[in-house]
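Chemist: Quick one: the structure is below, questions incoming.
Any read-out appearing in this document is the output of simple, stated calculations on the displayed coordinates, not a laboratory observation. Here the structure is a predicted model, which is why all the values come from computation and not from measurement. Don't worry about glycine lacking a Cβ; one is built from the backbone with ideal geometry, like all the others, and counts go over all protein chains shown.
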Amino acid sequence: MNTQDIIAAVEAVQAAILANEQHIESLDRAIGDGDHFINVRRGCEAIAALKPELLALSPATAFNRIGMKLLSTIGGASGPLIGSFFISMGRELEGIAEPDGKHFARALAAGVDAIKSRGKADLGDKTMLDVLIPVSRLLLRLADEGGNRDALCARLKEEAELNMLATRDMIATKGRAHFLGERALGHIDPGAKTSQVAVFAVCDMLTA
Ligand code: ADP
Ligand code: MG
């Protein structure tokens with residue numbers, strides 16, 4: 001994986017987010033304040049604008065730069081969370097010029113841990129972590145087993161979808177949705193949906 005690959009992945013995620021605008025928007029309107037799609041789109045645009053600068057950087061530095069930019073660009077609860085996700089990924093990759101699948105799996109796990117500690121949330125709180133934690137755990141395991149890429153991506157997508165859908169039956173204990181109590185039941189968490197869309201986009205790109 002080089003910085004060009006990271007940029008390609010970000011562009012794939014951006015396209016997928018845009019294609020899912022209505023769905024993501026309506027989820028945050030149902031159990032949040034309706035700005036999640038705008039927040040994420042703004043983040044994607046900020047990264048796209050960094051592209052020329054990123055190309056000259058190592059993967060570690062590029063992730064750090066992306067994270068710093070997101071901290072100052074995305075508002076809401078998700079800005080600092082996603083910002084620290086990228087910064088921690090960069091930290092984990094420091095000194096590695098061409099990270100392989102195992103490096104990336106460890107970086108993803110570090111990024112997810114950063115979201116957990118910054119947001120003081122964990123599995124079952126009806127947040128993006130309900131997708132990111134299981135996907136990251138599965139990737140760590142599969143990257144270690146070293147199977148083929150198509151099979152690995154298919155498993156990751158399945159895991160993302162299953163866990164995104166499972167947030168429908170959860171009561172939120174973090175974020176704005178927790179004010180709704182049981183009224184959040186029956187609605188998928190917007191951050192979980194965005195995370196699933198992002199996982200699909202990267203997997204589809206890797207297996208195209
Ligand atoms: P805000 O909640 O400030 O309006 P967004 O709408 O951009 O921010 O993001 C909402 C999403 O952020 C939620 O759907 C949820 O997935 C995620 N989220 C909220 N609080 C937390 C938290 N403490 N930890 C992890 N994710 C969270
Ligand atoms: Mg919101």
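Chemist: For the chain, which cysteines have no disulfide-compatible partner, meaning no other cysteine Cβ under 4.7 Å?
Modeler: Cys44
Chemist: From the phi of every residue in the stretch 132-144, what ³J(HN,Hα) in whole Hz does the Karplus formula 6.51 cos²θ - 1.76 cosθ + 1.60 yield, where θ is phi - 60° and glycine or proline is x?
Modeler: 5, 5, x, 5, 5, 4, 5, 4, 4, 5, 5, 5, 5
Chemist: Explain nothing, just compute: Karplus ³J(HN,Hα) = 6.51 cos²θ - 1.76 cosθ + 1.60, θ = phi - 60°, for every residue of the stretch 46-53 in order, whole Hz, x for Gly and Pro.
Modeler: Once rounded to whole Hz, the list reads 5, 5, 4, 5, 7, 2, x, 6.
Chemist: At a 10 angstrom cut-off on C-beta neighbours, averaged per residue, how do the peptides 184-197, 155-168 rank from highest to lowest?
Modeler: 184-197, 155-168
Chemist: Which aspartates and glutamates, on any chain, are close to Lys174 with Cα under 17 Å apart, when same-chain ones fewer than 8 places away are left out?
Modeler: Correct list for Lys174: Asp28, Asp33, Asp35, Asp113, Asp122, Asp125, Asp130, Glu182, Asp189.
Chemist: How high is the FRET efficiency from Ile171 to Ser72, r the C-beta distance, R0 45 Å, rounded to 0.05?
Modeler: 0.85
Chemist: Right, another one. Using the basic label-point model (7 angstrom from Cα toward the beta carbon), what is the Asp122 to Glu45 distance in nanometres?
Modeler: 3.8 nm
Chemist: I would also like to ask the following. Could you compute the net charge surrounding Ile133? Neighbours are other residues with a C-beta less than 12 Å from the C-beta of Ile133; K and R count +1, D and E count -1.
Modeler: Combined, the nearby Lys, Arg, Asp and Glu give -3.
Chemist: Hey, another quick one. Could you state the principal axis extents of the C-alpha atoms in the stretch 151-208, from the largest down, to the nearest angstrom?
Modeler: 41, 16, 14
Chemist: Kindly write out, for the stretch 111-126 in residue order, the coupling ³J(HN,Hα) from the Karplus curve 6.51 cos²θ - 1.76 cosθ + 1.60 (θ = phi - 60°), rounded to whole Hz, with x marking Gly and Pro.
Modeler: x, 5, 4, 5, 5, 4, 6, 5, x, 6, 10, 8, 4, x, 8, 6
Chemist: Separate question: When the Cα atoms of the stretch 3-207 are enclosed in a convex hull and the volume is divided per residue, what value in Å³ results?
Modeler: 98 Å³
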